Each structure stands twice: as structure tokens, then as C-alpha cells.
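Below is one structure, written out as C-alpha cells; comments come after it.
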Amino acid sequence: MDKGVMYVAYGRKAYNEAVASIETLRKFHDWPVLVVGDKPIKGAKHSNWKDRGTPGRWAKVNLNRVTNWEYTLFLDADTRIHGDLSLGFTLLERGYDLVMVPSRPQHNEMLRHLGKQERRTTMRELPLDPLQLNTGVMWFGPGATPLFELWSKEWERWKDKDQGAFLRALYKHPVNLAVLGWPFNSQNGEVVEHRFGKCV
Amino acid sequence: MGKHWVKAIKTVIRHDLQGAYRTYQPGDWFQCKNQELLELLAQSLVDTTAHLIKDEFSGKDSGVVILSGTKAPRALKTFGIGLKEALAPELPWKRNLIMSQGASATIETVALGLMRIDTGNDFPGWEMAAMLNSATQLARDVGTKEDKARTLELIGGLEVPVYNTGLVWLRRTKATISVVKIWRDELGSGSDPQHAFIRAVYGKSVKLCTLPHEWIGKWIRA
């Protein structure tokens, strides 16, 4: 399987977080790593993609174009790996296009981090009470390409946060999405610990 | 009378009897009683799903499959939705709701779920929809030791969420026919219902629209 791990790390804090995350990843997997950012990280391939607006977010909503592999695991820089991440790739091999974990805030608490106008529009465009998904840990394969193309277009509408744009895109073009449990992406994640906000 | 779920379309500030207040932004959902509902509708501050269902829902080639011990929702005929009792999951219609394990649903819940698995001209659509059983429950938390071992062997991990298998909406497609076959076989061999569903869904790949735990659509009534 042609696979690897991607990070987006622009700025000093994100760089330091990515260095720490890769160190923990290496305890479990020797998969190749690509870091999109302004500074290379030892042992990882490096790419400094177009600098448009907030470059970190632009790269994140264009992961499918930036990746070096057919199957990719994207990890936010502020993650720490504490276990085996193979299950996501196994599900991609089985035919899933995308593997993600739900966010903790749901229902009325969802997407509170968006700007007022974007949230208002997003909530109007989405169907009744969708599941909010966290974009900080994602396994994706070639089948997710149409969704990523739409994600990028949706993000261009406000050029701000990425999760609202992701949900708008997902509900316009559903893909085979497998959902994993909290151990793979949460503050107390047993497999992926997500230190939310440490890059800001 | 009961309460109604409504969606704020403008900012709504609500006060309780102690004087505390809460602000609801457009897109937020909340429950209110009849009198407040009438006031909010008169001020065009909220919307209900009644319009949405009335304007957009058609029950054509759709139905509810009731498995043993489950009560059928009322007023299915009014919406042109069929009803069938069965011993195991099956897909007699293009769009189906399979109800089991004593689950209950209003006609609005049935319709909202069926709308979620619709397709459109440029819209490929979801093939299935099901709610999470809880925000945190995992396959490792339910079932027998044997069930967990078999799921681990087939799926590759037990850190997958548990679904509420009492209400499962399915559009009849090649993928869902395959999912239902595995689901039936697993149930037939005496597997725990939640592990049976997990093995069916994660053992193949399907466009499953995962709905949040306590999906608001479950509680909607006109």
C-alpha cells in the first residue's frame, strides 16, 4: 500500500508541535512523513506550498493535491501518538474513502468557533443536526478527491476555519466515510492525543 | 401538551422563571411549548421541520420494516409510506427504515431519516443513516468476550463507535444489499445486535451518514 503521513506546520509553535508529534509517531510506525510548512523537519520530506491567506489552512483544505501518496494519514501538529494507527489504513483498503473521528461538541455546540456569518450560513445549508467531525486526524484515499475539491471551494467562501467548510462539502458530496471512536482523536485519546490549541 | 423542537432563524433570547436567559443563534435548535411556539412563529424567529417535510418529502417507494417486538409508527399511510413485519433486516423498498429492539419513532422521524438517504440530480446521496448509541461508547464496551474477539478479528480494532441499531435507514443499493446480507447472517448466528451491525458496516464500505447520539430528528414531531 502506497501510504504516508502528512502534517501542516506553519510558524514556530506549529513547527515545535510537529517535531514532537513525529517523535511519538516514530515509536509505532516507520511510515514516510511529509511536512508542509515554512521550515523542514529532520527525517521528513518537506514542501512549502503556495502562500495564500492563512497558508496552514489553505494547505489543509488541499491535502489531496499536496500529498505524496495514494493513501494518506493527516495529523494536526498538536497531536501525540500513543498507539497503532493501522486501523484507518485497513478501512481505506477495505474501500472506505475517508476515516475520521467525531468532534466533542455536537448539536447546538457545534461549529461555535466559526465566525458569526459563516456559522449562520453553514447551519442554514446543512441538513438537520449533522454529526460534527474533527478534521485534525484523517485517513483518506483517492475516492475522497471530489470531496476535497469541494472542501477547498467551500473554504474559499470565508477563507477562515476549515471544519464548517468540510461539513458543507461532505453534505454536497457524501463519500464512504468510516467513523472511529474517541481514542483516535481526543484530549485523552489513547491512540491519538490531541492537544487542542497548542499551535495557536 | 408536549414540546416542539424548533430551529432559530434569527437570534432568539429566552428567559426562564428565575430571570436567567440563554441566547440561541440562527441554526440552533431548542424545545418550546405550544404558546411560545405560536409567538415565535408569529415573529418569524423560528422554523419547524413541518414545512420541510410538507414541501420536500415524498413517501414514494419507501417503507418501514418492523422486526419483532417493535411498534409501528403512526400515520405512515398519510405519507404514502409502506409497512412490513419481518424476522430479519431486508430492503423491500427503495428507501427503508428498519426498526428493531423496541425502538419508537414519530412519522416525522421516519420522514427526516428517509430524506437523509435521498439522492438528487447532482447529489450522489448517502446510502444509509444511523445514530451513534452514545458519544463515547465503543465496540470494546459492549457484547460478550466472543463477540469482541470476532469483531476484532473481522474489523481490525474495537475502538469503533457503537450505533443505535433500533432505527437504521437504508437506500437499496449494491453496497447496502451487501451490508444487509452480512447483518442478517450475523444476527442469525446469534451475535450481539450492535456487534452484528458494526461487522456489517465496517467489514465492507458504504456511504453511511452517521448521525449524532440523540439526533434531534429522533424527537421531532409536528
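Please treat every number below as a calculation from the coordinates, not as lab data. Just so you know, these numbers come straight off a predicted model, no measurement behind them. Counting neighbours? That spans all protein chains shown, and the Cβs are built from the backbone with ideal geometry, glycine included.
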Next item on the list: Would you grab the residues whose amide H sits under 5 Å from the one on B:Gly166? Only those 5+ places off in sequence or on another chain, please, with H modelled 1.01 Å from N.
Entry: none
Checklist line | Rounded if a/c under 1.5, otherwise prolate or oblate - region B:4-47, Cα gyration tensor axes | finding: oblate
Notebook entry, point to check: Across the residues of A:169-177, average count of Cβ atoms on other protein chains within 10 Å?
Noted result: 5
Note to self: In Å and on Cα atoms, what radius of gyration and Dmax does region B:55-218 show?
What the structure shows: 15.2, 48
Margin query: Considering only C-alpha atoms, what is the centroid distance from region B:95-122 to region B:187-215, in Å?
Written below: 16
Next item on the list: Report the one residue of A:Gly37, A:Ala18, A:Leu75 whose Cα lies farthest in the direction of the positive end of the charge dipole of region A:1-81 (charges on C-beta: Lys and Arg +1, Asp and Glu -1; origin at the Cα centre).
Entry: A:Gly37
Notebook entry, point to check: Based on the Cβ-Cβ distance of B:Lys174 and B:Leu17, what FRET efficiency does E = 1/(1 + (r/R0)^6) give at R0 = 56 Å, to the nearest 0.05?
Noted result: 0.50
Check: Once the Cα atoms of helix B:107-116 and of chain B are each reduced to a long axis, what angle between those two axes, in degrees from 0 to 90 to the nearest 10, is obtained?
Finding: 70
Next item on the list: For region B:126-163 and region B:46-76, compute the distance between their C-alpha centroids and round to whole Å.
Entry: 28
Checklist line | Point-to-point label distance, A:Asp30-B:Ser104, nm (Cα→Cβ direction, 7 Å offset) | finding: 5.9
Checklist line | Violating pairs (Cα-Cα greater than 26 angstrom) within the set A:Lys116/B:Lys7; B:Lys3/B:Lys77; B:Lys145/B:Lys207; A:Lys172/B:Lys54 | finding: B:Lys145/B:Lys207
Notebook entry, point to check: Calculated from DSSP H runs of 4 or more alone, at -39500 (n - 2.57) each and per residue, what is the 222 nm mean residue ellipticity of chain B, nearest 500?
Noted result: -8500 deg cm²/dmol
Check: For region B:51-59, what does the Karplus curve 6.51 cos²θ - 1.76 cosθ + 1.60, with θ = phi - 60°, yield as ³J(HN,Hα) per residue in whole Hz, taken in order and with x for Gly and Pro?
Finding: 5, 4, 5, 4, 7, 10, 8, 10, x
Margin query: Please list, ordered by chain and number, the residues whose modelled amide H lies under 5 Å from the amide H of A:Leu133; skip anything fewer than 5 residues away on the same chain.
Written below: A:Ser103
Check: Along each of its three principal axes, how wide is the spread of alpha-carbon positions in the protein assembly as shown, in whole angstrom units, largest first?
Finding: 65, 55, 45
Check: So what's the net charge close to B:Tyr24: Lys and Arg +1, Asp and Glu -1, counting the other residues with Cβ under 11 Å from its Cβ?
Finding: +3
Checklist line | Hz values of 3J(HN,Hα) by residue in region B:160-176 - Karplus curve (6.51, -1.76, 1.60), Gly and Pro given as x | finding: 10, x, 9, 9, 7, 8, x, 10, 10, 9, 9, 8, 6, 9, 4, 5, 6
Item checked: Å³ per residue enclosed by the Cα convex hull of region A:3-194 -> 108
Notebook entry, point to check: HN-Hα J couplings of region A:171-188 from phi, Karplus 6.51/-1.76/1.60, θ = phi - 60°, integer Hz, Gly and Pro as x?
Noted result: 7, 8, 9, x, 10, 6, 10, 9, 9, 9, x, 3, x, 8, 5, 6, 4, 10
Note to self: Counting only other residues whose beta carbon sits under 11 Å from that of A:Met110, what net charge do I get with K and R as +1, D and E as -1?
What the structure shows: 0
